[in-house]
1. Just need a number here: residues in the range 216-250 that are surrounded by fewer than 15 Cβ atoms within 10 Å (Cβ to Cβ) and touching a strand residue (DSSP E or B) at 6+ places or on another chain (Cβ under 7 Å).
2. Starting from the range 82-103, keep only residues that are surrounded by 21 or more Cβ atoms within 10 Å (Cβ to Cβ), then list their pairs with residues that are aromatic (Phe, Trp, Tyr) whose Cβ atoms are within a distance under 6 Å, requiring at least 6 positions of separation or different chains.
3. Being aliphatic (A, V, I, L, M) and closer than 18 Å to Asp244 by Cβ is the filter; apply it to the range 135-158 and report the residue that is surrounded by the fewest Cβ atoms within 10 Å (Cβ to Cβ).
4. Of all residues in the range 186-203, count the ones that are free of Cβ contacts under 8 Å to residues at least 40 places away in the same chain and assigned to a strand (DSSP E or B).
5. Quick test for you: out of Arg251, Arg234, Arg223, pick the one residue that is closer than 15 Å to Thr88 by Cβ and touching a residue at least 40 places away in the same chain (Cβ under 8 Å).
Amino acid sequence: MTTNSMRHFTSIVALLLFSAFLYAEEDAFEPIPDRSPIARSVLFGIGRTNQLDTYLSPMEYVGLQVSFMTRRERMTHLAHRHISFQSTLQGAFTTTDNPAETANCLGGRLAYDAGWHYHFSPLKNLDLKAGALVGTDLGFLYNSRNGNNPAQGHFSADISLSAGAEYNFNIRRLKMRAGYQADFPMIGVMFCPEFGESYYEIYQHGAGHDLIFAHPGNTLSFRGLLTMDFCLPRITLRIGYLYDIRQANARSIKYHDTSHSFMFGFVRHFQLLRKKQ
């Protein structure tokens with residue numbers, strides 16, 4: 001990792017921490033309710049990523065990643081309030097180097113997904129959920145060493161299976177909640193050019209020419225988020241671990257982006273009240 005890259009990351013992390021501090025000062029959060037009608041979380045993350053894109057280079061690049069994730073979940077009136085609607089916006093910026101540190105890659109990613117979960121509680125304080133999500137993922141990689149094809153765009157749209165669990169418990173008087181959610185993309189479409197195909201050829205044939213059917217056989221991907229909530233008197237703090245892997249092996253091109261991130265942020269719970277007539 002170069003000195004300039006480290007300076008950029010230090011500045012970004014300092015800005016995220018300062019923004020999080022202001023967010024916490026301006027809002028007073030309520031204690032964690034059981035299966036709250038609306039829950040919004042804002043998480044910032046920093047971690048390590050491994051990237052390989054043989055369209056740009058046969059070498060794997062390793063470096064740092066800063067990211068954010070916002071999630072909104074609300075209980076609906078469907079199935080006697082056992083079905084929730086969830087939406088997630090996730091973004092990341094990466095800077096990586098090859099093993100010899102003779103070239104680096106800059107990358108960015110923005111993903112959005114939304115869907116429904118069915119909730120059930122087999123045990124006291126335990127909430128399980130399962131459902132499906134529909135999402136899109138848009139990103140890029142730029143390799144500073146390449147001359148002709150220095151960049152590669154990534155796009156996918158898919159349907160994912162999703163499952164999760166939450167468990168409420170107390171440590172003395174401190175109310176806490178442990179949670180986990182796993183998402184598995186199953187079917188969809190993705191942008192994948194032919195190996196060696198130039199930008200001019202992509203433009204000439206049209207982007208639709210390079211859209212292929214995506215499934216676990218050629219794009220086995222996974223996202224898992226483990227969280228722990230701490231309900232303090234005026235604020236709900238959340239820390240977590242995010243494991244996110246996006247990969248593909250199609251049309252003679254191999255691609256993967258695997259990241260491990262420490263997440264931290266806040267959660268706010270809302271209770272909708274009707275106005276009195």
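1. Residues flagged as surrounded by fewer than 15 Cβ atoms within 10 Å (Cβ to Cβ) and touching a strand residue (DSSP E or B) at 6+ places or on another chain (Cβ under 7 Å) within the range 216-250 amount to 3.
2. Filtered contacts from the range 82-103: Thr96/Tyr61.
3. The first filter runs over the range 135-158 and keeps only residues aliphatic (A, V, I, L, M), leaving 138, 141, 151, 157.
Checking which are closer than 18 Å to Asp244 by Cβ leaves us with 138, 141, 157.
Values: Leu138: 15, Leu141: 25, Ala157: 17.
So, considering only residues that are aliphatic (A, V, I, L, M) and closer than 18 Å to Asp244 by Cβ, the one surrounded by the fewest Cβ atoms within 10 Å (Cβ to Cβ) is Leu138.
4. Here is the first cut: in the range 186-203, the ones free of Cβ contacts under 8 Å to residues at least 40 places away in the same chain are 186-189, 191, 196-197, 200-203.
Still in the list and also assigned to a strand (DSSP E or B): 186-189, 191.
Number satisfying all stated conditions: 5.
5. Working: Arg251 fails: closer than 15 Å to Thr88 by Cβ; Arg234 fails: closer than 15 Å to Thr88 by Cβ.
Testing whether each residue is closer than 15 Å to Thr88 by Cβ and touching a residue at least 40 places away in the same chain (Cβ under 8 Å) leaves just Arg223.
The numbers here are math on the coordinates, done by the rules we state, and not lab data. None of the values given here were measured: they were computed from a predicted structure. No Cβ is skipped: glycine too gets one built from the backbone with ideal geometry, and neighbour counts run over all protein chains shown.
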